[in-house]
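First comes the structure, then the notes that go with it.
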Amino acid sequence: MSQGRGSAGRVVAITLLYLLAHSEIVHAATYTVGGPGGWTFNMVSWPNGKRFMAGDVLIFKYNTATHNVVAVNRGGYNTCKTPAGAKVYQTGNDQIKLAKGQNFFICNFVGHCESGMKIAITAM
């Protein structure tokens, strides 16, 4: 007569299986900054039309003899100046995970940021 714990356990198991089967698996997207041309001049509009999420990964490909990537704040982005303590990337194949909110990147080689080698991305 008593269905007891076995019945409740089956209901929980079936419910969990249902939830797993119907849940969306979210994967971080990966973007190569600048597309096939890589990280170069006139990048300011590159993020336009793209939807970025926190956890997405930006890949910056560039020649290390002529460029770098610096994660800066809004002030550094607007003035093309590297703030104290800014993270400088120099591998030529940098993979940077986006944080939720605003993310700013520049090249701090002389004149490069001023020539549009910078991007501002808002990640949801």
| Alpha-carbon gyration tensor eigenvalues x 5, square-rooted, for region 27-123, Å | 19, 15, 13
| field | Under Karplus coefficients 6.51, -1.76 and 1.60, residue-wise ³J(HN,Hα) of region 71-77 in Hz, glycine/proline x | value | 7, 10, 8, 4, x, x, 5
| field | Phi-based couplings in Hz for region 39-51 (Karplus 6.51, -1.76, 1.60; Gly and Pro marked x) | value | 6, 8, 6, 6, 8, 3, 8, 3, x, 4, x, 9, 10
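Using 0.36 nm per residue, how much length does the chain from E114 to I59 gain when fully extended, once their Cα-Cα distance is taken away? Each step should come with its number before you reach the end.
On the way: separation 55, 0.36 × 55 = 19.80 nm, distance 2.14 nm.
Additional length available on full extension: 17.7 nm.
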| said: Check which residues have an amide H placed less than 5 Å from F52's amide H, if you skip close sequence neighbours. | reply: M124
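Could you tally the net charge around F60, taking each other residue with its Cβ under 13 Å from the Cβ of F60, Lys/Arg +1 and Asp/Glu -1? Spell out each step's value before the answer.
Values: positive: K61, K87, K97, K118; negative: D94.
Residues near F60 contribute +3 overall.
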| Per-residue ³J(HN,Hα) for region 55-68, Karplus 6.51 cos²θ - 1.76 cosθ + 1.60, θ = phi - 60°, Hz, x for Gly and Pro | x, 4, 10, 9, 10, 9, 10, 6, 7, 5, 6, 10, 8, 8
| For Y89, which sequence-distant residues (separation of 5 or more, or a different chain) have an amide H within less than 5 Å of its own amide H, given hydrogens modelled in the peptide plane? | V69, V70, A71
| note | Mean separation of Cα contacts under 8 Å (at least 6 apart) over the residue count of region 27-123, i.e. the relative contact order in percent, is 35 percent
| note | Rounded to one decimal in nm, the spacing of the 7 Å Cα→Cβ label points at R74 and V88 is 2.6 nm
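Every read-out reported here was derived from the displayed coordinates using simple, explicitly stated rules and does not represent laboratory data. Just so we're clear, the structure is a prediction, and the values are computed from it rather than from any experiment. Counting neighbours? That spans all protein chains shown, and the Cβs are built from the backbone with ideal geometry, glycine included.
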